[in-house]
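The values are calculated or read from the model by the stated rules, or taken from the named source; none is laboratory data. Here the structure is a predicted model, which means the values were calculated and not measured. Note: ideal-geometry Cβ built from the backbone for every residue, glycine included; neighbour counts use all protein chains shown. Note: areas computed on protein heavy atoms with side chains; ligands, DNA, RNA excluded. Shrake-Rupley method; radii C 1.70, N 1.55, O 1.52, S 1.80 Å.
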Amino acid sequence: MRTPMIAGNWKMNTTIPEAIALVKGMKDGLERVDKVEKVICPPFVSLSAVKQLVQGTSIKVGAQNMHFEIKGAFTGEVSPLMLAGVCDYVILGHSERRQYFGESDDIVNSKMKAAMGAGLIPIMCVGERLEENEAGKTVEVVTRQVKGGLADIDSPQGIVIAYEPVWAIGTGKAATSEEASATIGIIREVVAEIYDASAADGMRILYGGSMNAANVAELVQKPEIDGGLIGGASLKAAEFVSMVQQTAAVQK
Ligand code: PEP
């Protein structure tokens, strides 16, 4: 019912020539797979080049962040209007933004509204830190982040949520499919509480955190898990293509 998504977050990796080479290395393989929405999120400076390379294909492009203002005196920032036309998606509230750049739920919420106002589809990241997980606060944290990020957004149509436990990002220690599925189920209940059952049923909720070609099938076969937001493994063309292929092969 929900089209699975596999999105690659390249983070602060790849120069422009490296980004071009990486897209060239995965483009044909990705194009051969339908049934899965494929998104690549390179650094800002490579967005145009990547967009040109995937023009006319089914591969979508996303940004990794943006400011919530349309324009103005915000040196070094990139606005939703600048991304509209180049990107389909924008990752918002990634834990690295929250941790290193002080992004609060309020800021994420402002960015969500600005992105949607500019016609971009947000991939909103939520997830608990290790100490929060160990203190049994996972549900409390993701509930707060989901409610905060979606505050005053009347229609969640199209929004994608990525559940990314911070302790699983870049650590090689992915959540088990049971853990990820249980928390994503709770996130879906929170969405149903804010909106209604049909909004929750229609919303794609991804897992992210040390997902790779060896664990993707196990994770995405869970009915609640609608795909993945992939960091490290998205920088390897063959592995990323394999993850998309494996996701397409899962029957739910
Ligand atoms: C991410 O940064 O969104 C992520 C999931 O990273 P990794 O796959 O490297 O854990």
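Brief remarks on what is shown
- Relative to the current alpha-carbon distance between Lys24 and Ala214, full extension at 0.36 nm per residue lengthens the span by 66.1 nm.
- The residue among Thr183, Val142, Ile159 whose Cα reaches farthest toward the positive pole of the charge dipole of the stretch 120-193, with charges on the beta-carbon of Lys, Arg, Asp and Glu, is Ile159.
- Accessible surface of the chain [probe 1.4 Å, protein heavy atoms]: carbon and sulfur percent: 52 percent
- Counted over the chain with a bin width of 10 Å, the fraction of Cα pairs per bin, in whole percents, is 8, 34, 39, 18, 1.
- With all protein chains kept in place, the per residue accessible area of the chain amounts to 44 square angstrom at a probe of 1.4 angstrom.
- Note on Arg32 and Gln52: their simple-model spin labels are 2.7 nm apart, each label 7 Å out from Cα toward Cβ.
- Only Lys, Arg (+1) and Asp, Glu (-1) charged, at Cβ; the stretch 179-240 dipole about Cα centre in debye: 260 debye
- Here the gap between Arg144 and Lys71, fully extended at 0.36 nm per residue and compared with their Cα-Cα distance, gives a gain of 23.4 nm.
- Ordered from longest to shortest, the equivalent ellipsoid semi-axes for the stretch 122-188 are 21, 13, 11 Å, each the square root of 5 times a Cα gyration tensor eigenvalue.
- Largest GNM mean-square fluctuation among Thr176, Thr14, Thr143, using the chain with Cα springs under 10 Å: Thr176.
- For the set Lys11/Lys137; Lys24/Lys236; Lys35/Lys252; Lys71/Lys111; Lys11/Lys111; Lys38/Lys147, the pairs lying more than 20 angstrom apart at their alpha carbons are Lys11/Lys137; Lys38/Lys147.
- Cα centre as origin, Lys/Arg/Asp/Glu Cβ charges: the stretch 1-122 dipole, Debye: 240 debye
- Dipole magnitude for the chain: computed about the Cα centre from +1 point charges on Lys and Arg Cβ and -1 point charges on Asp and Glu Cβ, it is near 780 debye.
- Projecting label points 7 angstrom from Cα along Cα→Cβ for Val86 and Gln251 puts them 4.3 nm apart.
- For the stretch 133-189 versus the stretch 30-100, the gap between their alpha-carbon centres in whole angstrom: 21 Å
- Given charges at Cβ of Lys, Arg, Asp, Glu: the chain dipole, positive-most of Gly62, Val33, Val220: Val33
- Candidates Ala135, Ala182, Ala200, ranked by Gaussian network fluctuation over the chain, Cα under 10 Å, top entry: Ala135
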